[in-house]
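For reference, the structure is listed below as structure tokens.
The values are calculated or read from the model by the stated rules, or taken from the named source; none is laboratory data. Everything numeric here is computed off the predicted structure, so don't read it as measured data. Glycine gets a Cβ as well: all are built from the backbone with ideal geometry, and neighbour counts include every protein chain shown. These accessible areas exclude ligands, DNA and RNA; they are computed on the full protein's heavy atoms, side chains included. Shrake-Rupley method; radii C 1.70, N 1.55, O 1.52, S 1.80 Å.
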Amino acid sequence: MNRFIYLDNAATTQVSRDVLDEMLPYFCGRYGNPSALYRFAGESRKAVDRAREHAAALIGAAPEEIYFTGSGSESDNWAIKAAAEAYAQKGRHIITSKIEHHAVLHTCEQLQKQGFEITVLDVDETGKISPKELKAAIRPDTILISIMTANNEIGTVEPVAEIGRIAREAGVPFHTDAVQAYGHIPLDVEKMNIDMLSASGHKLNGPKGIGILYIRKGIKIRSFIHGGAQERGRRAGTLNVPGIVGFGRAAQIAKDTMEAGSAVQVKLRDHLIRRVLAEIPYSRLNGDKTDRLPNNANFCFRFIEGESMLILLDQLGICASSGSACTSGALDPSHVLLAIGLPHEIAHGSLRLTLSEDTTLEEIDYVVEELKKIIARLREMSPLYEDFVKNKKE
Ligand SMILES: *Cc1c(COP(=O)(O)O)cnc(C)c1O
């Protein structure tokens, strides 16, 4: 029996059939360059306009505030680097957090080398920043706050509305990496006072290689890719029409199905969490219990190497992840798990399972049963576990 169970939807998702069908005509038939003047190109242009409306509607933005990019990573880079450049006259201080995606953290490190000062906020044991600490960190020369909406590893949802209020009161632009949240939880750039927001198509059943950056009207930001006048002169490059169309359709579907879909996923997620914590000894849940993405479960199992767990799960056809995709392969434990205060040896035994709208209860139960066996087997081979059991008896 060789099954295939995909529980790594935080790494990427399947393009839905519906999204693909919407995209296909724009590869071969309607391939016009939306910048051209003839009517044939008008079809592409109209498709892009429609997609922009859907992308905007999902977060309460205006279509002209949506800029299509090549990825979530590009959106993060653009927001931070271009804001730093645009506001450098006012100051050179940026605030971010310890649990950001590397697209944000490494961008900030790059700016630091260029003389910007970066304050990296700590998080509590659930992975949340403290609004009080954020407020205290703001200075007259602070030009940007970049804090993610929801964490890609442990699923914790940050107090975004509160962060937005603090930023607005202080007159500091607020960027949020919403790549994991967009299309998964309700977001409203007006209510939450968000000035810039990054999202990526392939995290919500859209295609890879297409992202958006929402930029509030009035925010000063330079163009990042120089060249033609596409995207109101702010992001050069011939538009990726099929990708944009796919993004738009994925956003439209998410808007219609998010509420019902996430209720189902929350139920499955909580069932998974309950079973694992009850049936696997020395396990813990990472991230916040309730303020977490509907599809995310992240555990640590003591005396276990995450990598060995993944290999054994893979042999059963189960796709999961340990730490983030970017760090797997490296021996360093995840910066997120260290930031929530886990010691190295425990952070090494982490497992992230992220559900999709297709995940079933039967699959979850199967995974839990297999996981129990795998962990028992790995612990039997672990000298650390042997010592631990021996010491407990004495
Ligand atoms: C996946 C991800 C990104 C990167 O998006 P890409 O489109 O893959 O470049 C950035 N931030 C977070 C939180 C992510 O989960």
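Points to keep in mind about this one:
- Those helices (runs of 4 or more DSSP H) of the stretch 1-102 in which 1 or more residues are under 16 Å from the mean Cα position of the chain (by Cα) and within 30 Å of VAL336 (Cα to Cα) occupy 72-86.
- Test for ILE118: is it open to solvent by 10 Å² or more (accessible area, probe 1.4 Å), under 22 Å from ILE215 (Cβ atoms) and either in contact with a Lys or Arg (Cβ under 7 Å, 6 or more places away or on another chain) or modelled with pLDDT of 95 or more (or both): yes
- Residue in the stretch 206-224 that is open to solvent by 30 Å² or more (accessible area, probe 1.4 Å), of a type in the set (A, V, I, L, M) and farther than 21 Å from ALA11 by Cβ present: no
- Checking CYS108 against (1) closer than 25 Å to ASP141 by Cβ; (2) under 21 Å from the mean Cα position of the chain (by Cα); (3) assigned to a loop (DSSP other than H, G, I, E, B); (4) not hydroxyl-bearing (Ser, Thr, Tyr), the condition it does not meet: (3)
- Taken across the stretch 244-261, residues that are touching a Ser or Thr at 6+ places or on another chain (Cβ under 9 Å), over 18 Å from THR13 (Cα atoms) and either surrounded by fewer than 18 Cβ atoms within 10 Å (Cβ to Cβ) or among the hydroxyl-bearing types (Ser, Thr, Tyr) (or both) do not occur at all.
Conditions (1) modelled with pLDDT of 90 or more; (2) among the acidic types (Asp, Glu); (3) open to solvent by 20 Å² or more (accessible area, probe 1.4 Å), marked per residue:
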| residue | (1), (2), (3) |
| --- | --- |
| ASP314 | yes, yes, yes |
| CYS326 | no, no, yes |
| LEU338 | yes, no, yes |
| GLU345 | no, yes, yes |
| THR360 | yes, no, yes |
| LYS373 | yes, no, yes |
| GLU380 | yes, yes, yes |
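Residues checked against (1) farther than 25 Å from GLU125 by Cα; (2) of a type in the set (A, V, I, L, M); (3) in contact (Cβ under 8 Å) with a residue 24 or more places away in the chain:
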position: HIS335; (1), (2), (3): no, no, yes
position: SER350; (1), (2), (3): no, no, yes
position: LEU353; (1), (2), (3): no, yes, yes
position: GLU357; (1), (2), (3): yes, no, yes
position: ILE364; (1), (2), (3): yes, yes, yes
position: LYS373; (1), (2), (3): yes, no, no
position: GLU380; (1), (2), (3): yes, no, no
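- Top-ranked residue of the stretch 31-69 - restricted to ones that are within 16 Å of the ligand (Cβ to nearest atom) and closer than 18 Å to VAL19 by Cα, ranked as surrounded by the fewest Cβ atoms within 10 Å (Cβ to Cβ): PHE68
- Those residues of the stretch 21-31 which are in contact with a Lys or Arg (Cβ under 9 Å, 6 or more places away or on another chain) and either in contact (Cβ under 8 Å) with a residue 40 or more places away in the chain or closer than 18 Å to ALA41 by Cβ (or both), in sequence order: GLU22, MET23
- Exclusive hit being part of a loop (DSSP other than H, G, I, E, B) and open to solvent by less than 60 Å² (accessible area, probe 1.4 Å), set PHE299, PHE303: PHE303
- In the condition set (1) modelled with pLDDT under 95; (2) in contact with a Gly (Cβ under 6 Å, 6 or more places away or on another chain), ALA254 is compliant with all but (1).
- Search result, residues across the stretch 262-290 that are open to solvent by less than 70 Å² (accessible area, probe 1.4 Å), more than 17 Å from GLY349 (Cα to Cα) and assigned to a loop (DSSP other than H, G, I, E, B): ASP288
- Only listed residue being more than 13 Å from SER75 (Cβ to Cβ), without any contact (Cβ under 8 Å) to a residue 12 or more places away in the chain and not polar (S, T, N, Q), chosen from GLY183, GLY155, GLY164, GLY218: GLY218
- Hey, LYS98 away from the ligand (no atom under 16 Å from the Cβ) and open to solvent by 10 Å² or more (accessible area, probe 1.4 Å) or not: no
- Exclusive hit being assigned by TED's automatic domain parsing to the domain that holds PHE247 and out of contact with any Lys or Arg (no Cβ under 9 Å at 6 or more places or on another chain), set LEU213, LEU187: LEU187
- Hits in the stretch 148-171 (condition: away from the ligand (no atom under 15 Å from the Cβ) and surrounded by 24 or more Cβ atoms within 10 Å (Cβ to Cβ)): ILE163, ALA167
Quick grid of which residues meet (1) within 19 Å of the chain's Cα centre (by Cα); (2) polar (S, T, N, Q):
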{"residue": "ARG234", "(1), (2)": "no, no"}
{"residue": "ALA250", "(1), (2)": "yes, no"}
{"residue": "GLN265", "(1), (2)": "yes, yes"}
{"residue": "HIS271", "(1), (2)": "no, no"}
{"residue": "ALA278", "(1), (2)": "no, no"}
{"residue": "ASP291", "(1), (2)": "yes, no"}
{"residue": "ASN295", "(1), (2)": "yes, yes"}
{"residue": "ARG302", "(1), (2)": "no, no"}
{"residue": "ILE311", "(1), (2)": "no, no"}
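Let's see how each residue does on (1) among the charged types (D, E, K, R); (2) within 24 Å of VAL104 (Cβ to Cβ):
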{"site": "ARG30", "(1), (2)": "yes, no"}
{"site": "ALA36", "(1), (2)": "no, no"}
{"site": "ALA41", "(1), (2)": "no, no"}
{"site": "ALA47", "(1), (2)": "no, no"}
{"site": "GLU53", "(1), (2)": "yes, no"}
{"site": "ALA57", "(1), (2)": "no, no"}
{"site": "ALA61", "(1), (2)": "no, yes"}
{"site": "GLU65", "(1), (2)": "yes, yes"}
